[in-house]
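The values are calculated or read from the model by the stated rules, or taken from the named source; none is laboratory data. On a predicted model such as this, the values are computed, not experimentally measured, just so you know. Note that each Cβ is placed from the backbone with ideal geometry, even for glycine, and that neighbours are counted across all protein chains shown. Remember, those area values only see protein heavy atoms, side chains included, never the ligands or the DNA or RNA. Shrake-Rupley method; radii C 1.70, N 1.55, O 1.52, S 1.80 Å.
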Amino acid sequence: QVQLVESGGGLVQPGGSLRLSCTASTITLEYYPIAWFRQAPGKEREGLSCISSNGGRTSYADSVKGRFTISRDNAKNTVYLQMNNLKPEDTAAYFCATDLNLQMRCKLTEDAYTLWGRGALVTVSS
């Protein structure tokens, strides 16, 4: 089974930065659209950002636009989510996701994706 793995979470003060990584050992992420989601306790999963398989198309939710940046490093088979100016409301479990349909459009809705990581915890607190 294809598995995605997130890393880079932790505790950070408001205004600080973190960079999350999404990797896979069984597929080459260069060929897949990749999305980042987050879910806080008691809330629905929220789509944050997506990058197309060729890296030429990205999208961002209004809640993170201007603060978060999605990117690829194909040599490392990794997709990143750089998070700057973090706020307490950013506290959540963060997930990366993809789908085996290589031609799918980059979307920020849960139903577009079938493969998910286990999540990385991000806590923003003083």
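The local environment of Ser125, defined by Cβ-Cβ distances under 12 Å, has a net charge of -1 under the rule Lys, Arg +1 and Asp, Glu -1.
Counting heavy atoms of the protein chains alone, Leu121 has an accessible area of about 130 Å² for a 1.4 Å probe. Per-residue SASA remark: Ile70, around 10 Å² accessible (1.4 Å probe; ligands, DNA and RNA not included). Surface listing: Phe37, Phe95 arranged by accessible area from highest to lowest gives Phe95, Phe37, probe 1.4 Å.
Report the calculated FRET efficiency for Glu44 and Lys76 (r = Cβ-Cβ distance, R0 = 22 Å), to the nearest 0.05.
Rounded to the nearest 0.05, the efficiency is 0.10.
Computed with a 1.4 Å probe over protein heavy atoms only, the accessible surface of the chain comes to 53 Å² per residue.
The calculated P(r) of the chain, using every Cα pair and 5 Å bins from 0, goes 2, 12, 24, 26, 20, 11, 5, 1, 0 in percent.
Within the accessible area of the chain, the carbon and sulfur atoms contribute 44%, probe 1.4 Å, all protein chains present.
Mean sequence separation of contacting Cα pairs (under 8 Å, at least six apart), scaled by the length of the chain, corresponds to a relative contact order of 36 percent. Within the stretch 83-126, the percentage of alpha carbon pairs spaced more than 16 angstrom apart rounds to 50%. Extending 7 Å from the Cα toward the beta-carbon at both Arg67 and Ser125 defines two label points whose distance is 1.8 nm. In a fully extended conformation the segment linking Thr109 and Val5 would gain 35.5 nm over its present Cα-Cα distance, using 0.36 nm per residue.
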